[in-house]
1. Filter the stretch 1-15 for residues that are part of a helix (DSSP H, G or I) and in contact with a helix residue (DSSP H, G or I) (Cβ under 9 Å, 6 or more places away or on another chain) and give the result.
2. Could you please give the count of residues in the stretch 42-93 that are farther than 27 Å from N15 by Cβ and either among the hydrophobic types (A, V, I, L, M, F, W, C) or touching a Pro at 6+ places or on another chain (Cβ under 8 Å) (or both)?
3. So in the stretch 50-68, with the set limited to residues that are part of a loop (DSSP other than H, G, I, E, B) and surrounded by 10 or more Cβ atoms within 10 Å (Cβ to Cβ), which one is modelled with the lowest pLDDT?
4. Kindly list the number of the only condition in (1) loosely packed, with under 13 Cβ neighbours inside 10 Å; (2) within 14 Å of the chain's Cα centre (by Cα); (3) not in a loop (DSSP other than H, G, I, E, B) that fails for D44.
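The values are calculated or read from the model by the stated rules, or taken from the named source; none is laboratory data. Only a predicted model underlies this, so the values are computations on that prediction, with no experimental measurement involved. Cβ atoms come from the backbone with ideal geometry, glycine included; neighbour counts cover every protein chain shown.
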Amino acid sequence: MQKQARQDIIKTILNSYAVETQGQLVDLLADVGVQVTQATVSRDIKEMQLVKVPIEHGRYSYGLPPAQQVSPSEKLRRTLSGVYASIDVLDNFVNLQLVPGSGRQLQL
């Protein structure tokens with residue numbers, strides 16, 4: 001199963017159940033025919049930016065991140081702020097000249 005399909009199933013599960021642990025999520029995925037390890041679920045949780053939200057009796061369950069999604073252009077603006085020296089555009093090409101030492105730290 002592809003990662004995106006698995007993560008879509010995780011979203012559906014989180015909308016239906018109060019999932020408190022990664023082990024519980026592994027079991028719920030197995031119930032719908034998705035065999036994964038706890039390590040895979042852990043990576044999915046990190047990539048999906050899931051958060052722990054309070055539920056009854058002082059417990060917490062996994063939830064989807066707040067709807068504060070950043071647009072791709074805003075993400076690029078934030079990433080490049082303070083690290084580029086100049087920008088040139090020619091036809092379909094964009095040339096970014098970065099401050100020395102900053103090229104390796106950019107991960108888009």
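1. Within the stretch 1-15, K3, R6, Q7, I9, I10, K11, I13, L14 qualify.
2. The total comes to 8.
3. P65
4. All conditions are met except number (1).
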